[in-house]
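Heads up, the thing below is written out as structure tokens.
No lab work stands behind these numbers, since they all come straight from the coordinates. Since we're looking at a predicted model, the values are computed, not measured. Because the Cβ atoms are built from the backbone with ideal geometry, glycine has one as well, and the counts that use them run over all protein chains shown.
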Amino acid sequence: MILDADLAHIYGVKTKALNQAVKRNIDRFPADFVFTLTAAEKMEVVTNCDHLSQLKFSRSLPYTFTEHGAIMAANVLNSPEAVKMSVFVVRAFIKMRQMLSDHRQLARKLSELEKLLTARLDTHERAIVHVLEQLMQLLNPPVHPEPPPKQIGFRVKEGLGKYVTKRKDR
């Protein structure tokens, strides 16, 4: 997308001349070639783009051209500079489309790689967690109550039975 002021600058004509040519040949510019910005969109563009500050005081809303509209504008203007620049614009849009396509392919490949790594990491993660659990059991064995220590020595258990002693006098 390119605004009429920028396109007129590229083609070496005044913005007013470009807009008049578009209006005279409006049947060559369907809605998917050119459209008018709303007042809110215009203010947003003026706020974000310093080189378009003169649009702030313009009463008319600017035209916005798609790549096809920019090419059609060059055909409508038919000046030597417009013809030369139309070739440049076509090449620029082709290059931009290729770059977007390359970025999409790269994003798709990165997404596939991420899925593959995630699957592998899940497997490795489970194995690592299992190993860590085993190590933790070795380092911190479960606490079992200690059995009471065995007593050393002889102990008489009284009350269980009578001790009989034999007397010799009887």
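Show me the ranking of peptides 63-71, 76-84, 38-46, 147-155 by mean Cβ neighbours inside 10 Å, starting with the highest.
63-71, 76-84, 38-46, 147-155
In nanometres, what is the gap between the two model label sites at Ala127 and Lys14, each 7 Å from Cα along Cα-to-Cβ?
7.5
Give me a comma-separated list of calculated 3J(HN,Hα) values for the range 18-25, in order, Karplus coefficients 6.51, -1.76, 1.60 applied at θ = phi - 60°, integers in Hz, x for any Gly or Pro.
Result, rounded to whole Hz: 4, 5, 5, 5, 5, 5, 5, 10.
Please compute, for the alpha-carbon atoms of the range 107-148, the extent along each of the three principal axes and give them in descending order in Å.
Its Cα atoms span 67, 10, 10 Å along the three principal axes.
Per the Kirkwood formula on distinct C-alpha pairs, the Rh of the range 79-124 is how many angstrom?
So the Kirkwood estimate lands at 13.3 Å.
Using a Förster radius of 30 Å, what is the FRET efficiency between Glu112 and Gln134 based on their Cβ-Cβ separation? Nearest 0.05, please.
The calculated FRET efficiency here is 0.30.
The chain: D in µm²/s via Stokes-Einstein (Kirkwood Rh, Cα pairs, 10 °C, 1.306 mPa s)?
Taking Rh from Cα pairs, D becomes 66 µm²/s.
Using 0.36 nm per residue, how much length does the chain from Glu81 to His103 gain when fully extended, once their Cα-Cα distance is taken away?
Value of the extension gain: 4.7 nm.
Tell me the angle of helix 80-139 to the major Cα principal axis of the chain, expressed in degrees between 0 and 90 and rounded to the nearest ten.
Helix 80-139 sits at roughly 0 degrees to that axis.
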